[in-house]
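Below is one structure, written out as C-alpha cells, with a few remarks after it.
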Amino acid sequence: MDSSFRLLSLASSFSLVAGCAGTLLPVERKEVDSAIRDRDTATLTAICQGDKRVRVDDDKRRACNHLKAQAATSGGCDTLVKRWEGAIVSEDTQRSFGEQFAACKQYTDLFERVVHWGREEEGARLLVHLEEKGLPVEAEFVRYAETHTGEAFMPLPAGRAKFALDNIGKWLIKKGHKQHCGTIAQAARGASMTAKAWTMPYFRAAKCVEGAPIAADALLSERADHRMWACDTLATIGTPANLGKVKVLGETDGYSEIREERREGRVWAVKVYPVRESCTAAAGKITLRTL
C-alpha cells in the first residue's frame, strides 16, 4: 500500500474516532442549565432523545420536561387554562405556565390553579421568581384578596386550598410582605375552614393581631390540627377577648393520642391531649400579655 494512502487512511480514522468521542462525552449540568436558560431546543431535543449523553441522569428528565413545557405553553391567552389543565406538570412546566398566566394578566387563575401545585414549596418559589422578574405579583394578590372575600376566597378543594395558601404565605413572608394582615383577615371571614386554617401561618409569622378573629373561628373546626394551630396562633396574637374560648378547649378538648414515654427504664404508653396542651399554653401567654 502506498505510504501516502496509509497516512490518509490513518488521519481519517483518527478523525472518525475523535468525532465519535465527541458524541460520547457526557453533557455537563452547566451545559443543560445553559440550554434551558437559552431555550436551545436543538440541544434539549438531542439530550431528551438520547443523542447526547448526560453526566447526571436527572438532566435528561429536565431537558424532556422543559421541551414539554415549551410545547404546552405555546399558544395564546384564550387557550391557557385548557393547556395548563392538560399539561404534564413539573417545576419547569409550572414556572413556564406561571410566567404566561402573569403575562396574560390572569392572576386569579395563577393563584387558584397554578400556585398550589407541588409539595416542596414550588408555588412559593414560583411567586418569588415572578416578583423578582418585576411582575406586580404582590399588588395583584392584594387585588385578588380584596375582590375574593368570604366563600370566594380560595374556593378550592381542601388539598388545593391548603397548598395554595401555604405557598402564598411563605412567599409573602420570604419577601417581607407582612403588611397585608387586614386584607387577608377580611378575605378569610366567611371562607372555608381550610382557607381560614392556612392563613394562620402568615398571621403568626407577621404577628397579625387582625388575624385573631380568624384563629378564634378555627377553634370550632372539626379537625384537631386546626384547633391546635388556632391556639398556637392565638398564643402569639390573641387578645383577652379570645381567652374564654381558649381556656374551654384547654380544659375540655376531646382529641387524644397515645405517646410513648420512657420512665425508670421502661416504655409506657401515655394518653395525651395535644389540643388541650396547646390551648392551655396559649391561655397562659394571653394572660401574661395583659398583666
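Would you check if there is a residue in segment 225-246 being surrounded by 12 or more Cβ atoms within 10 Å (Cβ to Cβ) and farther than 28 Å from Asp166 by Cβ? Checked segment 225-246: at least one residue is surrounded by 12 or more Cβ atoms within 10 Å (Cβ to Cβ) and farther than 28 Å from Asp166 by Cβ. Of all residues in segment 266-280, those that are under 22 Å from Trp229 (Cα atoms) and without any contact (Cβ under 8 Å) to a residue 60 or more places away in the chain have Cβ atoms under 6 Å from Cβ atoms of residues that are among the charged types (D, E, K, R) and surrounded by 14 or more Cβ atoms within 10 Å (Cβ to Cβ), 6 or more apart or on another chain, in Val275/Arg227; Val275/Asp253; Arg276/Asp253; Ser278/Asp232. Under the condition of being among the charged types (D, E, K, R), in contact (Cβ under 8 Å) with a residue 24 or more places away in the chain and in a loop (DSSP other than H, G, I, E, B), the residues counted in segment 106-126 number 2.
Looking across segment 177-191, the residues that are out of contact with any Pro (no Cβ under 9 Å at 6 or more places or on another chain), in a loop (DSSP other than H, G, I, E, B) and not polar (S, T, N, Q) come down to His177, Lys178, His180, Gly190. Tally time: how many residues in segment 42-81 are farther than 24 Å from Val114 by Cα and open to solvent by 70 Å² or more (accessible area, probe 1.4 Å)? Summing the residues that are farther than 24 Å from Val114 by Cα and open to solvent by 70 Å² or more (accessible area, probe 1.4 Å) in segment 42-81 gives 8. Taking segment 192-252 as the region of interest, the helices (runs of 4 or more DSSP H) fully inside it that hold 1 or more residues being in contact (Cβ under 8 Å) with a residue 40 or more places away in the chain, among the hydrophobic types (A, V, I, L, M, F, W, C) and closer than 21 Å to His180 by Cα are 193-197, 224-237.
Filtered by the rule that a residue be in a helix (DSSP H, G or I), within 21 Å of Leu135 (Cβ to Cβ) and among the hydrophobic types (A, V, I, L, M, F, W, C), segment 59-100 gives Ala69, Ala72, Cys77, Leu80, Val81, Trp84, Phe97.
Any chance segment 256-269 includes a residue that's open to solvent by 90 Å² or more (accessible area, probe 1.4 Å), in a loop (DSSP other than H, G, I, E, B) and acidic (Asp, Glu)? The answer is yes; a qualifying residue exists.
Residues that are over 11 Å from Val115 (Cβ atoms) and either surrounded by 22 or more Cβ atoms within 10 Å (Cβ to Cβ) or among the hydrophobic types (A, V, I, L, M, F, W, C) (or both) within segment 147-160 comprise Ala152, Phe153, Ala158, listed in sequence order. Filtering Val142, Val137, Val128 for residues that are aliphatic (A, V, I, L, M) and buried (at least 19 other Cβ atoms within 10 Å of the Cβ) leaves a single hit, Val137. Residues in segment 114-125 that are open to solvent by 40 Å² or more (accessible area, probe 1.4 Å) and of a type outside the set (Phe, Trp, Tyr): 4 in all.
Residues checked against (1) among the aliphatic types (A, V, I, L, M); (2) closer than 30 Å to Gln106 by Cβ; (3) touching a Gly at 6+ places or on another chain (Cβ under 8 Å):
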| position | (1), (2), (3) |
| --- | --- |
| Glu31 | no, no, no |
| Arg37 | no, yes, no |
| Leu44 | yes, yes, no |
| Gln70 | no, yes, no |
| Gly76 | no, yes, no |
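Only residues that are open to solvent by 30 Å² or more (accessible area, probe 1.4 Å) and either without any contact (Cβ under 8 Å) to a residue 40 or more places away in the chain or not basic (Lys, Arg) (or both) were counted in segment 167-183, giving 6.
The values are calculated or read from the model by the stated rules, or taken from the named source; none is laboratory data. Being a predicted model, the structure only gives us computed values, none of them experimental. Backbone-built Cβ (ideal geometry, glycine too); neighbour counts: all protein chains shown. These area figures cover heavy atoms from the full protein model, side chains too; ligands, DNA and RNA do not enter into them. Shrake-Rupley method; radii C 1.70, N 1.55, O 1.52, S 1.80 Å.
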